[in-house]
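What follows is a single structure, written as structure tokens, with notes after it.
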Amino acid sequence: MPNIVARSMGWHRMFQSFETKTDPSDGPPRLAALREHMMRAAVDAFLVPRADAHQGEYVAPRDERLTWLTGFTGSAGFAAVTSDHAGVFIDGRYRVQVKAQVALDKFTPVSWPEIKLADWLMEHLPRGAIVGFDSWLHTPDEMETLHKATADHGLVFTPISNMIDAIWQDQPAPPVGPLLIQPIEFAGETHDDKRARLAKALTGPAVITLPDSIAWLLNVRGSDIVRNPVPHAFAILHIDGSVDLFIDAAKVSEEVEAHLGAAVRLHGPDRFGPLLDGLTGPVQLDRKSVPVWVAERLETKEIKVQWKQDPCILPKARKNQQEINGMEAAHLRDGVAMAEFLCWLDTEAPSGKLTEIDVVRKLETLRRVDNGLRDISFETIAGAGPNGAIVHYRVTNDTNRPVTPGELLLVDSGGQYLDGTTDITRTVATGPVGDLEKTCFTKVLQGLIAISRVRWPEGLAGRDLDALARFPLWTAGLDYDHGTGHGVGAYLSVHEGPQRLARSSNVPLEVGMCLSNEPGYYREGAFGIRIENLIHVTRAPEIAGADNRKMLVFATLTYVPIDRRLIDKTLMSRAEIDWLNGYHAETNSRLGPRVSPVTQDWLARVTAPI
Ligand code: ZN
Ligand code: ZN
């Protein structure tokens, strides 16, 4: 292992960047060009979502139309442009950022979802106005909601070729990242078996447009976008188990072609439409993710459509044993990097010389050490002091803050490895902190422990368990404004549906599902606390003498020390203390043999029983 105490920040290319690349002055001339184009096409408004045809969390540079037009770089949002108004819709995370990034004399930030797009359009457009939209970038679900909400106002939504693409002179080309084979030792099931298994439940061909579904189904991974190892492609799964795959030939090597075999027929993306035309209905589409374009193409040909969830979603969520094994192995290596990082932080933070960016760089550097890291699984959140209270904070050169001794530092990060995806948050003290911080931290920890220990009858969903994580906070009049956990992919998306630990989730939890367990507490302007482990659902061991009910439990994937300096032991029950001590003993025995000597000593100290 390298000497991780020395302050050597390798200046190799990082996955994460700290630049805010846009200039507010670029927006107005582009907006003027768009309006001119709108006038020529006789549309009264045009919608500019931050979306591509695959509805993913990350988009390729060519699909950054919202950023190009407005300057706004946030990970969610959209714009609506009329002849005299340009609304940039952003949620609570981006209220401050948007004001710095867009030309405020031309663009108006709109608080979303408090103000709905439908209401905004009705306010700024006359009755019967024509709203143009790119039917590749919107889903039937989305458009139906808009349609219904504006019906009384008679707005006409008209699919139209993308107007941003028409005026964006140097728009990047679509990505052509190569496909990679996901080896069977990590996938755990051949794609022949997966296709045959799924096809049995089909009553007609299923159109699949979600890249992680296609990657899972065919045991491949892609490299078209950052953070999520998925390919941009479309697929049709037929009732005989064969697949038509629409993908740029440049992405498919001979080796991958051999892996896909004869039952996966390759076509260029331009063949997608013509092959849809030849399908015999009912054709299965997912209204939450399929582009409107697909539904309209089928409709034009009078081919019957059946609205059903993408057939890959649930099977993909139920990880098999090899996938769980891979997740465990990835978490072990990731845990080593995290332990080295936390040890380094304990040594360096008291100097007061570190900044948030130093922290992010160091952590990425350690994850890269001999670790099989393919990418980070999202932009690391490193929030010192009050920045920790900004739930989706991402440090840039403009917001970079010193890590001041005696504050809380929240670090939420993860890695993409061939065998699994990780996502972990630790909140640490950079010196002695006050009692309030300790009380809040302990309550958050108690919530994490409650989820880690719960045993529940089969059939319950995330909404049935979410409150357990909040109970310790609720009793103190506190809460947090995010779900307790999200699904996680196996070397796929770090946010993967359909299961969640959240009030809104009615998807029953099933064996093999991987989730995060991440309660938190945020005090605006002061500090933020979140503790996050990944967990997976498994059968509960039998209890002698108990009823013979089928019950489930969570097993933990993440083993990394939790900062004992922030715990007020007097608030905890004996069972909670036992859980923590057991967790720490396991952490020490898993990571101890794998970390550097300096970290080994540190690890033994910080995992000692409380
Ligand atoms: Zn996280
Ligand atoms: Zn998470």
Long-range amide H partners of Val264 with built H, under 5 Å: Val243
Taking Cα atoms only, Rg over Rh for the range 330-435 with Rh from the Kirkwood formula is 0.96
Name the shape class, rounded, prolate or oblate, that the alpha-carbon gyration tensor gives for the range 397-449, where a ≥ b ≥ c are the square roots of its eigenvalues, rounded holds for a/c under 1.5, and otherwise prolate holds if a/b is larger than b/c and oblate otherwise. oblate
Among the listed pairs Lys251/Lys319; Lys200/Lys319; Lys200/Lys304; Lys148/Lys301, give every one whose C-alpha distance is greater than 22 Å. Lys251/Lys319; Lys148/Lys301
Along each principal axis of its Cα atoms, how long is the chain end to end? Whole angstroms, biggest number first, please. 69, 57, 47
In cubic angstrom, how much convex hull volume per residue do the alpha carbon atoms of the range 310-362 span? 107
Can you compute 3J(HN,Hα) from phi for each residue in the range 46-55, using the Karplus curve 6.51 cos²θ - 1.76 cosθ + 1.60 with θ = phi - 60°, rounded to whole Hz and x for Gly and Pro? 9, 9, 10, x, 8, 8, 10, 6, 10, 6
Considering only C-alpha atoms, what is the centroid distance from the range 357-427 to the range 466-492, in Å? 20
Take Cys312, Cys514 and order them by how many other Cβ atoms sit within 10 Å, fewest up front. Cys312, Cys514
Need the list of lysines near Lys99 for cross-linking: C-alpha distance under 17 angstrom, and skip anything on the same chain fewer than eight residues off. Lys21
Expressed in µm² per second, the diffusion coefficient of the range 476-583 from the Stokes-Einstein equation, with Rh the Kirkwood radius over alpha carbon pairs, at 4 °C and 1.567 mPa s, is 80
In the P(r) worked out for the range 156-306, what percent of Cα pairs fall beyond 22 Å? 44
Candidate aspartates and glutamates for bridging to Lys438, where Cα separation is under 14 Å - those fewer than 8 sequence places away on the same chain excluded: Glu407, Asp563, Asp568
Proximal lysines to Lys353, defined as alpha-carbon separation beneath 21 angstrom and excluding residues fewer than eight positions away on the same chain: Lys362
Percent antiparallel among DSSP beta bridges confined to the range 22-134, nearest 5, equals 60
Degrees, to the nearest 10: 140-150 long Cα axis against longest axis of the chain: 70
For the chain, calculate the relative contact order in percent as a whole number, restricting contacts to Cα pairs under 8 Å that are 6 or more residues apart. 11
I'd like to compare 99-108, 550-559: which one has the highest average count of other Cβ atoms within 10 Å, and what's the full order after that? 550-559, 99-108
Counting only DSSP beta bridges with both residues in the chain, tell me the antiparallel percent, nearest 5. 75
Applied in sequence order to the range 209-223, the curve 6.51 cos²θ - 1.76 cosθ + 1.60 (Karplus, θ = phi - 60°) yields integer Hz couplings, x standing for Gly and Pro, of 10, 7, x, 6, 5, 5, 4, 5, 4, 9, 6, 10, 10, x, 9
The range 98-205, relative contact order [Cα under 8 Å, separation at least 6], %: 23
Taking 0.36 nm per residue of sequence separation and subtracting the Cα-Cα distance, how much length would be gained by fully extending the chain between His153 and Arg523, in nm to one decimal? 129.0 nm
For the range 376-457, what relative contact order do you get, as a whole percent, if you take Cα pairs closer than 8 Å and at least 6 residues apart? 26
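Bear in mind these aren't lab numbers, they're just calculated from the coordinates by the rules spelled out. Keep in mind it's a predicted model, so treat the numbers as computed, not measured. Quick reminder, even Gly has a Cβ in these numbers, built from the backbone with ideal geometry, and neighbours come from all protein chains shown.
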